[in-house]
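Report on one structure; see the data block that follows.
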Amino acid sequence: MKVIKIDKNDWTEGLERSSKTFRLFGPAKQDEFHIFKELGKGELPDLNLQNTRLSPRSVVYPQSEKMFKFTIDENQEDHHILKEIQKDDSPRAIIGIRPCDAKAFLLVKRNFDTPEYQDPYWIKSYQAATLVGYACNFPCSTCFCTTAGCGPFHEEGLDILLVDVDNYYLAKTITEKGERLLAAAGWDTEADADAASDPIKTMQRAAEEKIIAWVTTDKLKDKDTTTLFDASFWEDVAFACINCGTCTYVCPTCWCFDIQDETHGLSGIRMRNWDSCMYPLFTFHGSGHNPRDTKTQRVRQRFMHKLKYYVDKYDNGIQCVGCGRCIRLCPVNIDIRKVCGLMNSFEL
Amino acid sequence: MQNPYLPYPVRIEEIITETEDKNLKTFKLVFLNPDDEKKFNYSAGQFAELSIAGKGEIPIGIASSPTEKGFLMFTVNKVGLVTSHLHNMKVGDVMGVRGPLGNWYPWDIMEGKHVVIIGGGFAFTTLRSSIIYMLDPTNRAKFKDIHVVYGARTPGMLLYRDELAEWEKRDDIHMHITVDATDDPDWKYNIGFVPTITDQKAPPGNVETYAIVCGPPIMIKFTQPVLDKLDYAHDHIIMSLEMRMKCGIGFCGRCNIGKEFVCKDGPVFTLDQLNHMPKEY
């Protein structure tokens with residue numbers, strides 16, 4: 001694995017060079033908080049942060065996205081026939097994505113890229129992205145990535161891992177995609193990979209030691225689904241929930257969506273929008289029946305999906321990377337770590 | 001990469017008002033591009049998303065049989081935005097169909113077996129598809145006895161009345177049509193709820209017999225004890241579920257029961273499978 005040393009003095013120029021072949025996305029401060037956005041000309045990713053408030057999932061999977069267009073003008077020959085919309089799937093680089101958020105895309109990919117069906121919007125957009133990870137030297141107090149199948153220097157899902165060392169970055173190239181971005185940026189000062197590995201490991205250990213929150217997930221797989229579903233603790237867990245949907249909105253591993261048609265005059269679009277299992281309309285039948293009518297049922301669905309159904313369906317860990325956003329932003333302090341503990345240790 | 005969200009364009013060829021309350025209409029749809037019909041290769045029990053530009057999509061069971069060529073048929077109850085709009089559409093109007101979606105009744109497993117179809121109300125659409133499929137001359141020999149228990153509130157609420165009358169005349173299918181009540185003096189079939197008629201007419205359960213049950217929740221609730229009494233094993237009771245759906249291909253996240261998506265892993269499940277899933281439907 002190649003390690004490139006990027007002098008921070010060459011950072012701006014390199015990004016500018018790479019912007020000729022890549023659309024650049026990165027963290028930027030908006031009011032008091034960081035978000036991921038497309039960087040304008042000359043705009044630099046602001047890496048002075050712990051993590052963005054919203055996950056970067058919108059870079060690959062926009063909150064609202066046009067799927068098809070049509071005309072309802074009956075004088076047009078092709079009226080009421082849906083047409084595909086040309087998408088911009090040109091290469092893009094997400095600079096400064098945290099390892100947890102990058103790994104989250106791999107978890108979501110299992111949903112959108114299946115043997116039977118492939119979601120063309122998500123897949124093309126994901127394939128167009130080069131993920132330049134930014135190793136966490138200062139994790140948040142709510143981070144529990146190290147017990148959620150991830151970590152502050154985790155490389156799965158990344159094309160490059162940037163490690164911040166004083167006045168330079170060490171860039172570990174993980175994939176060919178990553179190499180292409182480094183070449184486009186003109187960063188080519190190769191560091192001795194063996195010599196660089198020691199300081200990186202030391203920093204990684206130091207970062208991991210700062211993560212004191214954890215989840216235990218070892219028993220989830222063997223639990224009986226209906227027993228967990230009927231467990232007595234769900235009323236308690238959901239008691240304070242106001243179904244605001246913040247947890248699902250900020251989560252990097254949530255993928256649920258709604259499809260809606262909109263018309264303006266005689267032209268229209270079919271679009272999809274993020275949706276949330278926290279909302280009663282999500283499952284509301286035309287007949288008036290609703291299988292998840294109460295907030296307890298909806299809260300249970302969120303946790304059962306992430307910590308049991310997903311585990312059983314893919315046999316590849318929980319649907320969570322431990323970023324801690326839902327814990328930090330929940331207005332009533334519902335804590336996935338606590339719920340995970342209740343589920344993992346539940347006995348009849 | 002094929003776009004699984006893109007509907008095939010179709011034209012409405014015929015609209016039949018099925019029931020006396022005029023709330024159920026059957027739409028016969030013809031593909032605008034003949035090649036699309038070849039791609040739409042389905043089995044009885046599957047569903048499709050009916051798509052109306054500007055209104056949205058609805059998941060509806062396919063009422064035509066794969067043995068019927070040249071068209072698709074859907075019977076739609078008027079309940080919401082899309083179905084109400086569809087009910088106001090005319091012959092010749094253009095819309096879309098996306099599918100076929102979901103799994104189907106286990107035709108391979110039921111081959112060589114007795115099949116008992118139990119349906120109620122307007123949940124008879126994929127059951128019609130199944131009956132037409134089994135009665136097709138190329139298929140009839142693959143199945144032993146076929147029984148059909150089908151009920152509605154009144155004679156005027158039964159779907160496909162002409163076909164029911166034709167099937168009544170045949171000797172290779174045992175029809176047990178029933179209504180909850182009627183004051184029609186000419187009514188020559190059964191009177192009584194579906195579970196009661198099932199109890200009276202359905203053959204006993206054994207390894208050679210499969211029951212397909214489709215109907216409103218109340219019918220299913222009271223039919224199950226009858227099937228238990230008749231000794232039907234739970235893996236020989238086949239059911240088709242309904243859920244709110246959007247994508248129809250297991251992506252959008254709303255129609256799950258436990259880890260199964262009704263749109264992709266269903267809508268057909270055996271009662272034995274449902275016994276091991278959360279009761280959330």
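Within 10 Å of each residue's Cβ, count the other Cβ atoms and sort A:Leu24, B:Leu135, A:Leu329 from fewest upward.
Final ranking by Cβ density, sparse to dense: A:Leu329, B:Leu135, A:Leu24.
According to the square roots a ≥ b ≥ c of the eigenvalues of the Cα gyration tensor, what is the shape class of chain A, taking rounded for a/c under 1.5, prolate for a/b larger than b/c otherwise, and oblate for the remainder?
Note, shape of chain A comes out oblate.
I want to check the label-to-label distance for A:Lys221 and B:Val79. Put each point 7 Å from Cα in the C-beta direction and report it in nm to one decimal.
It is 3.9 nm.
Quick one: grab the alpha carbon gyration tensor of the stretch B:107-240, order the square roots of its eigenvalues as a ≥ b ≥ c, and give me rounded if a/c is under 1.5, else prolate or oblate depending on whether a/b is larger than b/c. Walk me through the numbers before you get to the answer.
Numbers: a/c = 1.79, a/b = 1.21, b/c = 1.48.
Verdict is oblate for the stretch B:107-240.
What does the average come to when, for each residue of peptide B:46-59, you count the partner chain Cβ atoms lying within 10 Å of its Cβ?
Mean partner shielding for this stretch: 4.
Run the numbers for A:Asp166 and A:Phe138: contour at 0.36 nm per residue of separation, minus the present Cα-Cα distance, in nm.
8.7 nm
Sum up the lysine pairs in the stretch B:1-151 that clear both bars: alpha-carbon distance under 21 Å and a spacing of 8 or more or different chains.
Lysine pairs, 8 or more places apart or on different chains, close enough: 20.
Over the stretch A:1-128, what per residue volume does the convex hull of the Cα atoms give, in whole Å³?
Measuring per residue, one finds 178 Å³ for the Cα hull of the stretch A:1-128.
Given axes a ≥ b ≥ c from the Cα gyration tensor, I'd like to know whether the stretch B:8-101 is rounded (a/c under 1.5), prolate (a/b larger than b/c) or oblate.
The shape class here is prolate.
How about the stretch B:128-234: which trypsin sites (Lys or Arg not before Pro) there lie in a loop by DSSP and see at most 14 other Cβ atoms within 10 Å?
B:Lys144, B:Arg170, B:Lys188
In what order do B:Glu208, A:Glu208, B:Glu18 fall by count of nearby beta-carbon atoms within 10 Å, going from fewest to most?
In increasing order of surrounding Cβ atoms, one gets B:Glu208, A:Glu208, B:Glu18.
Answer with one residue from A:Tyr117, A:Ala28, A:Tyr169: the one whose Cα lies farthest towards the positive end of the charge dipole of the stretch A:3-210, charges on Cβ with Lys, Arg +1 and Asp, Glu -1.
A:Ala28
Report, as an integer, the average count of C-beta atoms from other chains found within 10 Å of each Cβ along B:252-264.
Working: counts 10, 14, 13, 3, 9, 2, 10, 10, 2, 1, 1, 0, 3.
Average neighbour count from other chains, rounded to a whole number: 6.
Given Cα pairs under 8 Å that are at least 6 residues apart, what percent is the relative contact order of the stretch A:1-85?
Computed over the stretch A:1-85, the figure is 18 percent.
With +1 on each Lys and Arg Cβ and -1 on each Asp and Glu Cβ, and nothing else charged, work out how big the dipole of chain A is about its Cα centre, in Debye to the nearest 20.
580 debye
In nanometres, what is the gap between the two model label sites at B:Ala141 and A:Asp335, each 7 Å from Cα along Cα-to-Cβ?
About 7.1 nm, to one decimal.
Looking only at the stretch A:253-275, which residues have a backbone nitrogen under 12 Å from a spot 7 Å from the Cα of A:Ile35 in the C-beta direction?
No residue passes the distance filter.
Tell me the relative contact order for chain A as a rounded percent, counting alpha carbon contacts under 8 Å between residues six or more apart.
Working: 629 pairs, mean separation 76.2, N = 348.
Reported as a whole number, the value is 22 percent.
Under 26 Å Cα-Cα from A:Lys308, which lysines qualify once same-chain neighbours fewer than 8 residues away are excluded?
Within reach: A:Lys103, A:Lys109, A:Lys219, A:Lys221, A:Lys223, A:Lys295, A:Lys338, B:Lys246, B:Lys259, B:Lys264, B:Lys279.
Dividing the convex hull volume of the alpha carbon atoms of the protein assembly as shown by its residue count, what do you get in Å³ per residue?
It is 178 Å³ per residue.
Taking beta carbons within 10 Å but only from partner chains, what does the mean come to for residues A:311-320?
1
Determine the relative contact order of chain B: mean sequence separation of Cα pairs under 8 Å and six or more apart, normalised by residue count, in whole percent.
18 percent
Could you please rank A:Thr52, B:Thr209, placing first whichever residue has the fewest other Cβ atoms within 10 Å of its Cβ? Walk me through the numbers on the way to the answer.
Details: A:Thr52 26, B:Thr209 22.
Going from sparsest to densest Cβ surroundings: B:Thr209, A:Thr52.
How far is it, in nm, from the label point at A:Lys66 to the one at A:Arg110 when both lie 7 Å from their Cα along the line to the Cβ?
Each label point lies 7 Å from its Cα, and together they span 3.5 nm.
Values in this text are rule-based calculations from the coordinates and carry no lab data. Bear in mind that the values here come from a model prediction, so they are computed numbers and not experimental data. For neighbour counting, all protein chains shown are included, and Cβ atoms are generated from backbone atoms with ideal geometry for every residue, glycine included.
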